[in-house]
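One structure is given here, and the rest of the page talks about it.
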Ligand code: CAA
């Protein structure tokens, strides 16, 4: 039975608290994550605002737990990732990293990369809703999601070289693939923090909203996905992601196979519903 929960989020640098009203089921509170459900949408809220949601070992353990449990429930169709407070995530936890030796640094990098690869390859879409700072490991986390929507007050950057470091969660790899080599090297070499409009221009984010509208808009987009053929959604993510690693010809073969696989069931339901001017009932064969 859904309970109605009122909650408020302080977006970006805004002092403006906005009260949202959704039918939310609060599932679980971890130490650094709050897990909630809005129908088939799972909300993962990063909740360590005093440290601007900086990512430490515990974060990765909890995130992996959520991916294995709440996020893998069969009726979860889309995941939204957001940060509480004035940051999405301001990077890997510098206070935790400062005492690491090389071996521990390697393990910390591998743990982050493995978790973000898991997010990238997760069978259902994961959307980053970026409320404030997305820096270093925070931008790397956002880049592992399928697309990014951001508050107009959000700020982006890869400031690792300020610390005498380089990105460790695949930022050197994903940034150039998402934007282009020149843009990636500009951000990585200068450590310049850019605003949301510039992030939109360079393709780092796909959509901007007013700060107080971010969660509403993220939920609206998530619900658009929820209404679609569930197998089609999983396949479109998998084929698009896997195809990027293949030659064009092999990617097209993969597409043909998966396109054809939908003709037996879900595609029939969707196309028949269209021709009958009805809303498709994706569960009708279950
Ligand atoms: N790790 C640990 N703590 C952090 C943090 C981080 N990445 N970012 C911010 N914090 C902490 C601050 O130390 C501060 O803690 P105290 O209140 O205990 O002093 C608290 O969060 C609030 O931060 P500020 O007072 O600095 O807030 P501000 O509004 O003045 O500045 C900011 C905001 C510009 C984001 C600034 O906090 C900042 O520059 N943070 C670091 C950003 C950064 O360098 N990120 C890259 C980390 S390295 C990395 O991510 C490596 C990788 O790829 C794996």
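The values are calculated or read from the model by the stated rules, or taken from the named source; none is laboratory data. Predicted, not measured: the structure shown is a model, and the values here were computed from it. Here the Cβ is made from the backbone with ideal geometry for all residues, glycine too, and neighbour counts use every protein chain on show.
Looking only at the range 239-254, which residues are surrounded by 15 or more Cβ atoms within 10 Å (Cβ to Cβ) and closer than 18 Å to residue 125 by Cα? Can you show your working first?
So in the range 239-254, the residues surrounded by 15 or more Cβ atoms within 10 Å (Cβ to Cβ) come out as 239, 242-243, 251, 254.
Hits for the range 239-254 are 239, 242, 243.
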Filter the range 155-202 for residues that are over 20 Å from the mean Cα position of the chain (by Cα) and at positive phi and give the result. 164, 191
Yes or no: residue 69 within 14 Å of residue 122 (Cβ to Cβ), surrounded by fewer than 22 Cβ atoms within 10 Å (Cβ to Cβ), touching a residue at least 60 places away in the same chain (Cβ under 8 Å) and more than 11 Å from the ligand (Cβ to nearest atom)? no
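Identify, please: which residue in the range 148-178 is more than 12 Å from the ligand (Cβ to nearest atom) and farther than 16 Å from residue 134 by Cα and is, among those, surrounded by the most Cβ atoms within 10 Å (Cβ to Cβ)?
176
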Out of 43, 84, I need the residue that is modelled with pLDDT of 95 or more, within 27 Å of residue 226 (Cα to Cα), within 16 Å of the ligand (Cβ to nearest atom) and in contact with a strand residue (DSSP E or B) (Cβ under 9 Å, 6 or more places away or on another chain). Which one? 84
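In this structure, is residue 188 more than 16 Å from the ligand (Cβ to nearest atom), in the same structural domain as residue 136 (by TED's automatic domain parsing) and surrounded by 14 or more Cβ atoms within 10 Å (Cβ to Cβ)? Before the answer, list the steps.
Values: more than 16 Å from the ligand (Cβ to nearest atom): no; in the same structural domain as residue 136 (by TED's automatic domain parsing): yes; surrounded by 14 or more Cβ atoms within 10 Å (Cβ to Cβ): yes.
In short, no.
Rundown of residues vs (1) in the same structural domain as residue 120 (by TED's automatic domain parsing); (2) buried (at least 19 other Cβ atoms within 10 Å of the Cβ); (3) within 16 Å of the ligand (Cβ to nearest atom); (4) at negative phi, yes/no style:
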position	(1), (2), (3), (4)
50	yes, no, yes, yes
53	yes, yes, yes, no
63	yes, yes, yes, yes
79	yes, yes, no, yes
Sole exception among (1) surrounded by 21 or more Cβ atoms within 10 Å (Cβ to Cβ); (2) farther than 30 Å from residue 230 by Cβ for residue 141, by number: (2)
Is one or more of the residues making up the range 92-111 crowded, with 20+ Cβ neighbours inside 10 Å and within 22 Å of residue 241 (Cα to Cα)? no
